[in-house]
Amino acid sequence: MADYIFRTPTVREGPAGLHRLFYFYKLDRAVSVVYNGTSYSLTRFETDENLNAYQIAYRGGRNHTVNDATKAALIAAGIGIDETNFTAI
């Protein structure tokens, strides 16, 4: 079985600041992926206490090591994760 580096999805948000020039600049914000025992879903702005309530939590903006079965389950969940979120180790 192969292992993969899983990078959670991102959302492009803007403006990046209050000055007029910042209205032309956007930032990528990380989104966490959680598994509640029945299905995967995307979540944002989670605290540590909230993430502990989930069976599995892949925090946004970090690299996670996953196997073939987990990769297939994340792609099949239909939440916007595809092959581009994975890099073979």
Legend entry - Contacts under 7 angstrom Cβ, first residue in the stretch 61-89 being free of Cβ contacts under 8 Å to residues at least 40 places away in the same chain, partner assigned to a loop (DSSP other than H, G, I, E, B) and not acidic (Asp, Glu), 6 or more apart: ILE75/ILE81; ALA77/SER39
Inset, instruction - Specify the residue that is nearest to ALA73 (Cα to Cα); the eligible residues are those in the stretch 14-45 that are touching a residue at least 12 places away in the same chain (Cβ under 8 Å), out of contact with any Pro (no Cβ under 9 Å at 6 or more places or on another chain) and of a type in the set (Gly, Ala, Ser). - result: SER39
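Taken together, the values in this text are just the output of simple stated rules run on the coordinates, not laboratory data. The structure displayed is predicted, hence computed values, not measured ones. Note that we place each Cβ from the backbone using ideal geometry, even for glycine, and neighbour counts take in every protein chain shown.
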